[in-house]
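The values are calculated or read from the model by the stated rules, or taken from the named source; none is laboratory data. None of these values were measured; they are calculated from a predicted model. Neighbour counts run over all protein chains shown; Cβ positions are idealised from the backbone, glycine included. Side chains are part of the model used for accessible areas, which takes the heavy atoms of the whole protein and leaves out ligands, DNA and RNA. Shrake-Rupley method; radii C 1.70, N 1.55, O 1.52, S 1.80 Å.
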Amino acid sequence: MAIFSVYVVNKAGGLIYQLEHCAPRTDTEKTFSYPLDLVLRPHDERVVVAFGQRDGIRVGHAVLAINGAEVNGRLTAEGKDVLEFLSNPANYPVSIRFGRHRLSSNEKLMLASMFHSLFAIGSQLSPEVGSSGIEMLETDTFKLHCFQTLTGIKFVVLADPRQAGIDALLRKIYEIYSDFALKNPFYSLEMPIRCELFDQNLKQALEVAEKAGPFGPGS
Amino acid sequence: MSRAPGRKQENNKISRELFVLTYGALVAQLCKDFEKDEDVNICLDRMGYDIGIRLIDDFLARSAVKKCRSYSETTDMIAQVAFKMYLGVTASVNCCSAAGNEFSLILDKNPLVDFVEELPAERASLCYCNLLCGVIRGALEMVHLAAEVTFLRDRLKGDAVTEIGITFLRKAEDKKNKRN
């Protein structure tokens, strides 16, 4: 049972806080000999697996590290192009780590503002007048819960689909926000939250919610 | 309004006297800093506004009230729930205008003026509790309700009761982005 991450979005759609509580890390590191039986191709800023899924390495996984050194986009740690490096038989045997690419903070900002717009569209698409925006988004691997306060702040929690008690958790996060962020006299409204106490209390609340498991707290 | 059991079991209350004294010291210092009563009133209102924009989320988080659908519901909420939660007193609501956007809150007991008898002669137009007006104005603004909040009558100035008037202004936020 896990809560993957928490995001707080302000009135204008800007991300003011995000916490990766528990990422389902699916990295696999394997040693390969020439020739490489996976097909790799460049995609955006990364080198991803296009074909040849096996042993936990799936299509779409990116090359995260070569021989223990983290790659920098499409270049190895030494600055050589990854695809060139891997097509040279002299560099083998080589140990490559594949995994799902972690979101950069810019990407998170973008996704948060996109969600903010979708939330607004959701409330307008509704056949009923005065409906709320998107409250829950369900996929096969996670559920996204969103709670918008009357003041326009959105609290978004991504969790395991079987995790219960997220509604109560969202209300609790609202309380923690109103205590440790808003009551901090040096915190300006709508700005990124950089309050130690907020972090600590949020992590505590997440742990309590996780321990409660699939039946919710109080069981 | 109860806190989670994870919090330290400390006594969350501090003395009411301390709070009233602090407020009194604040007003007294402002009176020393500014000559004109108007300036003091404006300063208190601004301070109240800064408090109000933060207090509203605390109020909504702890009381879990639903969205109010009318101005009179909103005023009732302020008078009965909010005043009770923060000052320990309730106010009664009066609707003054036919248009339905002017209300007033009548305060029987005002804890902030516990120790104040009357205003000094040279401070006749000082609104001692103007902080409250700012708080209400700031809080309403954060839930997208623009309002003007002033003191209509004040016991400290010799009137019979203390009355705070709230006038709701035209909603500026009637665009496509209706937030709930």
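In chain B, helices alone account for a calculated mean residue ellipticity at 222 nm of -12500 deg cm²/dmol, with every DSSP H run of four or more residues adding -39,500 (n - 2.57).
Give the residue list of trypsin sites (Lys or Arg not before Pro) in segment A:16-63 that are DSSP loop and have at most 11 other beta-carbon atoms within 10 angstrom. Taking segment A:16-63 and a limit of 11 other Cβ atoms within 10 Å, the loop trypsin sites (Lys or Arg not before Pro) found are A:R25. In units of the rule-of-thumb radius 2.2 N^0.38 Å, segment A:104-219 shows an alpha carbon radius of gyration of 1.14.
Computed in the context of the full set of protein chains, the accessible area of chain B at 1.4 Å probe radius has 53% of its extent on carbon or sulfur. Shown here for segment B:29-106: GluC sites (Glu not before Pro) in loop regions (DSSP other than H, G, I, E, B) with at most 10 other Cβ atoms within 10 Å, namely B:E35. Excluding ligands, DNA and RNA and using a 1.4 Å probe, chains B and A jointly bury around 2000 Å² of accessible surface, summed across both partners.
For segment B:1-110, the Stokes-Einstein estimate of translational diffusion at 20 °C and a viscosity of 1.002 mPa s comes to 128 µm²/s, using the Kirkwood hydrodynamic radius over alpha-carbon pairs. The calculated Kirkwood hydrodynamic radius for segment A:27-99 is 11.9 Å, given to one decimal from all distinct C-alpha pairs.
A quarter of the convex hull surface defined by the alpha-carbon atoms of segment A:1-134 gives 11.1 nm² as the mean projection. Only Cα pairs under 8 Å and 6+ residues apart enter the sum, and on that basis the relative contact order of chain A stands at 23 percent. Protein heavy-atom accessible surface, 1.4 Å probe, per residue over segment A:27-99: 56 Å². Counting every pair of alpha carbons in segment A:83-161, the share spaced more than 15 Å apart comes to 71 percent. For the protein assembly as shown, the orientation-averaged shadow of the C-alpha convex hull comes to 26.4 nm² (one quarter of the hull surface). In this rough spin-label picture, where each label sits 7 Å from Cα along the Cβ direction, the B:C68-B:N12 distance is 2.3 nm.
For segment A:27-99, the relative contact order comes to 40 percent (Cα pairs under 8 Å, sequence separation of at least 6). For the pair B:L169 and A:E107, what calculated FRET efficiency results from E = 1/(1 + (r/R0)^6), where r is the Cβ-Cβ distance and R0 = 51 Å, to the nearest 0.05? Between A:E107 and B:L169 the formula returns 0.80. Take each residue of peptide A:189-195, count the partner chain Cβ atoms within 10 Å of its Cβ, and average: the result is 1.
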